[in-house]
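Written out below as structure tokens is the structure these notes cover.
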Amino acid sequence: MKVCKFGGTSMATAASIRQVQDIIQSDPSRKFVVVSAPGKRFKGDAKITDLLYAAFNEKKSLGTAKNALSEIKSRFDALIKDLGLDLDISPYIEDIETNLALSPDFAASRGEYLAGIVVAEVLGFKFVDAGEIIKFKHDGGFDAESTNDLVAELKSITTGVVIPGFYGRLPDKSIKTFSRGGSDITGAIIARGIDAEIYENWTDVNGFMVTDPTVIENPKQITALTYEELRELSYMGASVLHPDSIFPLKGKGISINIRNTFAPEHPGTLILKDASDFDRPIITGIAGKTGNTTITLKKSMMNTELGFGRRVLSVLERNGLSFEHIPTGIDTMSVVLDNSLNEQLEKKIVDEIRGKVNPDTIEVIHNLALIAIVGHGMANTMGIAAKIFTALFHAGVNIRMIDQGSSEMNIIVGVEEHDYKKSITAIYHTFFKE
Ligand code: ASP
């Protein structure tokens, strides 16, 4: 059995839903369908999920949500009409209006809920409400055990199932959503629960590209990569798939196939436990992140000072901050944070670190961009770092920081933000010459 998750653009118009129908009907093992809420139909259009959040806010501030809800209703009415379905969405919209103020999570979840009802009707599959099978614990954490048992029961439904993505239920029956883009996680949970042969994640691109297409025009495609490589790349900004989608699948080794609803013949990108059967380039991808904050400390004889690192990190912990990387030297230590620090907090942290470890100097750098070069083959191939640094040298980029993960699967370089695009371009052309 295959689990197929369709994203917002696949749900956006009657024509795209027809594409979905063709994809499902072209393969009888595609029996489990997970859907997102309808997304943008064109540039500048609103996503249904955003309209639902707007409806929640409208209701809170004005006591009614007529404006946003009527827009949502007309979007669904048009879909139903264009698909030629005999379905009246009005009672569902009334129910949403009645319960809208319950929580933003309830409001947001209704886009997937309605899309699920529509798609089940189109396919003639059974609609299963995610609230009945995706469970969270009292503390809000995902309840994998109960969920797996409930999802496993779906295996007995042979006619096909449609499940809305993005949400589940807490023990008190209220709705809780995953973070944005979370229908990907639902798809992964279903794939795990039914022991799927593969998790197909259908979107509007042909899979992962080697690097950011806003930096490199038409970059090469990644054919296959491992869960770990994906984790590194998506953490650093590659955003085709929600990064948390990997966790449910890893233990069972279920592969993910990113596919394009609008180019169904394209094989897409495979994400696997082990990609050694594939003939792959040494570098899998280049991803980057701007807007980081780096705190750099220098102190003579730092290497002999017991507990130095712990004391620095304890300051961050007390202030509720997690660090991204800690590149170190003998007498230097940098802590890279994502840029969530306001001026006041930054000053507090600097003062506290001074008090704890009395460094010779402490400097806060705001304009550092991080670029991760990720690749399975790096650990056993000589000269990768040399090539990266030579490329940056020739491009006239000053490297401010270097960090090689202990997995030896990535090298991260920190460069000034104004050198970001130039750096990615130089590294890309070094490893991916035409
Ligand atoms: N509809 C939700 C969002 O826009 C979840 C999803 O599409 O995966 O974030």
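This model, with +1 at the C-beta of Lys and Arg and -1 at the C-beta of Asp and Glu, gives segment 1-148 a dipole about its Cα centre of some 460 debye.
Taking every Cα-Cα distance in segment 344-434 and sorting them into 10 Å bins from zero, the calculated P(r) comes out as 15, 38, 26, 17, 4, 0 percent. Averaging the Cα positions of each part gives two centres, and for segment 1-72 and segment 392-434 these lie 38 Å apart. Evaluating kT/(6 pi eta Rh) at 20 °C and 1.002 mPa s, with the Kirkwood radius of the chain over Cα pairs in the Stokes-Einstein relation, gives 90 µm² s⁻¹.
Cα centroid distance between segment 266-305 and segment 151-179, in Å? Their Cα centres are 34 Å away from one another. Against the longest alpha carbon principal axis of the chain, how many degrees, from 0 to 90 and to the nearest 10, is the axis of helix 90-99 turned? On a 0 to 90 degree scale, this one is about 50. For segment 210-351, the square roots a ≥ b ≥ c of the C-alpha gyration tensor eigenvalues yield an a/c of 1.5 or more together with a/b exceeding b/c, which makes the shape prolate.
Which order do 419, 105 take when ranked by solvent-accessible area (1.4 Å probe, heavy atoms of all protein chains), largest first?
If we order 419, 105 from most to least accessible, we get 105, 419.
For residue 330 and residue 99, a Förster radius of 56 Å and the Cβ-Cβ distance give a FRET efficiency of 0.40, rounded to the nearest 0.05.
The portion of the accessible surface of segment 1-154 made up by carbon and sulfur, rounded to a whole percent, is 50 (1.4 Å probe; DNA, RNA and ligands excluded).
When DSSP beta bridges are restricted to pairs lying wholly in the chain, around 60% turn out antiparallel.
Placing +1 on the Cβ of every Lys and Arg and -1 on the Cβ of every Asp and Glu, with nothing else charged, gives the chain a dipole about its Cα centre of roughly 280 debye. The residues of the chain present an accessible area of 45 Å² per residue when probed at 1.4 Å with all protein chains retained.
Partner lysines whose Cα lies under 28 Å from the Cα of residue 252, excluding those fewer than 8 positions away in the same chain, are identified as 2, 5, 31, 126, 135, 137, 155, 176, 273.
I want to make sure I understand the PRE zone here: with the label point 7 angstrom from the Cα of residue 71 toward its beta carbon, which residues in segment 17-56 have backbone N atoms less than 18 Å away? The answer is 37-56, whose backbone nitrogens lie closer than 18 Å to the label point. Length gained on full extension, residue 399 to residue 343: 17.6 nm, using 0.36 nm per residue less the C-alpha separation.
Partners of residue 422 within straight-line reach, counting lysines whose Cα lies under 20 Å from its Cα and excluding those fewer than 8 residues away in the same chain: 220, 289, 387, 433.
For residue 259, the accessible surface of its heavy atoms amounts to roughly 30 Å² (probe 1.4 Å, protein chains only, rounded to the nearest 10). List the lysines whose alpha-carbon lies under 23 Å from that of residue 348, not counting same-chain residues fewer than 8 positions away? Of all the lysines, those that pass the test against residue 348 - Cα under 23 Å, at least 8 places apart if same chain - are 298, 299, 356.
Taking all protein chains together and a probe of 1.4 Å, list 228, 197, 145 from the most accessible to the least accessible.
From most accessible down to least: 145, 197, 228.
Heavy-atom accessible area, probed at 1.4 angstrom with all protein chains present, ranks 403, 184 as 403, 184, highest first.
The values are calculated or read from the model by the stated rules, or taken from the named source; none is laboratory data. If you're wondering where the values come from, they're calculated on a predicted model, not measured in any experiment. Don't worry about glycine lacking a Cβ; one is built from the backbone with ideal geometry, like all the others, and counts go over all protein chains shown. All accessible areas refer to the heavy atoms of the entire protein, side chains included, with ligands and DNA or RNA removed. Shrake-Rupley method; radii C 1.70, N 1.55, O 1.52, S 1.80 Å.
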